[in-house]
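In what follows, a structure is listed as structure tokens, so that the remarks can point back to it.
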Amino acid sequence: ALQRTFSIIKPDATERNLTGAVNACLEKAGLRIVAQKRILMTRAQAETFYAIHKERPFFGELVDFMTSAPVVVQVLEGEDAVAKNREVMGATNPEDAAEGTIRKLYARSIGENSVHGSDSPENAAIEIAQFFSGNEIVG
Ligand code: CMP
């Protein structure tokens, strides 16, 4: 079914001027960018977004990283967009990512892994609502 997912192009990628390269991978995979903005995340935004990881040892590092430089937040639309985006992103750890995936091509480490994508349609709706209002999404 036609679905939406939430995506972030992370600071390691925006800093290396890879926004267009990442978007080309997404579009080639059949995903349509129906909303997109470049923002500097506040600590409060990052802490809310990653609240599920609050007790993890890397939480502080994760929040520091996500607020260290601009990110591009996006809504992607397509057939099975959640799964399709996870496929084109590749595994969280770039060492485990398949050839041709965004993380295999561009990620530096498990932390600086270039992109985020929602892990379920339910979380996609929650994540989209954190960063976009309805009239900012144009399908
Ligand atoms: P993301 O999909 O944005 O969701 C949680 C993030 O935590 C994940 O991508 C990684 O970038 C980050 N992360 C996961 N494991 C580690 C780790 N061991 N060290 C640092 N960051 C991590």
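Please find, within segment 72-99, the residue that is farthest from the ligand (Cβ to nearest atom) out of those that are open to solvent by 50 Å² or more (accessible area, probe 1.4 Å) and more than 30 Å from N135 (Cα to Cα). So that I can check it myself, show each step before the final result.
The initial filter retains those residues of segment 72-99 that are open to solvent by 50 Å² or more (accessible area, probe 1.4 Å), namely 79-80, 83-84, 86-87, 92, 95-96, 98-99.
Keeping just the survivors that are more than 30 Å from N135 (Cα to Cα) gives 92, 95-96, 98-99.
Details: T92: 5, E95: 12, D96: 12, A98: 16, E99: 20 Å.
Only one residue fits best here, namely E99.
Just wondering, is there one or more residues in segment 100-110 that are out of contact with any Gly (no Cβ under 7 Å at 6 or more places or on another chain) and either under 19 Å from N123 (Cα atoms) or part of a strand (DSSP E or B) (or both)?
Filtering segment 100-110 down to residues out of contact with any Gly (no Cβ under 7 Å at 6 or more places or on another chain) leaves 100, 105-110.
From what's left, either under 19 Å from N123 (Cα atoms) or part of a strand (DSSP E or B) (or both): none.
Scanning segment 100-110 turns up no residue that is out of contact with any Gly (no Cβ under 7 Å at 6 or more places or on another chain) and either under 19 Å from N123 (Cα atoms) or part of a strand (DSSP E or B) (or both).
Could you look through segment 1-19, keep only residues that are open to solvent by 80 Å² or more (accessible area, probe 1.4 Å) and in contact with a Pro (Cβ under 9 Å, 6 or more places away or on another chain), and pick out the one that is farthest from R108 (Cα to Cα)?
Out of the qualifying residues, it is R4.
Taking the conditions exactly as written (within 16 Å of the ligand (Cβ to nearest atom), outside any helix (DSSP H, G or I) and farther than 23 Å from N17 by Cα), does E55 satisfy them or not?
For E55, the condition - within 16 Å of the ligand (Cβ to nearest atom), outside any helix (DSSP H, G or I) and farther than 23 Å from N17 by Cα - is met.
Determine the pairs where a residue that is surrounded by fewer than 11 Cβ atoms within 10 Å (Cβ to Cβ), located within segment 117-139, has a partner that is assigned to a helix (DSSP H, G or I) with Cβ atoms under 6 Å apart, the partner being 6 or more residues away or on another chain.
Note: no pairs meet the criteria.
For Q3, state whether it is under 28 Å from G134 (Cβ atoms), part of a strand (DSSP E or B) and out of contact with any Lys or Arg (no Cβ under 9 Å at 6 or more places or on another chain). Give the derivation first.
Values: under 28 Å from G134 (Cβ atoms): yes; part of a strand (DSSP E or B): yes; out of contact with any Lys or Arg (no Cβ under 9 Å at 6 or more places or on another chain): no.
Answer is no for this residue.
Limited to segment 20-35, what total is found for residues that are crowded, with 17+ Cβ neighbours inside 10 Å and not hydrophobic (A, V, I, L, M, F, W, C)?
Going through segment 20-35 one residue at a time, the tally reaches 1.
The values are calculated or read from the model by the stated rules, or taken from the named source; none is laboratory data. What you see is a predicted model, and the numbers here were worked out from it, not measured in a lab. No Cβ is skipped: glycine too gets one built from the backbone with ideal geometry, and neighbour counts run over all protein chains shown. Ligands, DNA and RNA are excluded from the accessible area calculation, which covers all protein heavy atoms including side chains. Shrake-Rupley method; radii C 1.70, N 1.55, O 1.52, S 1.80 Å.
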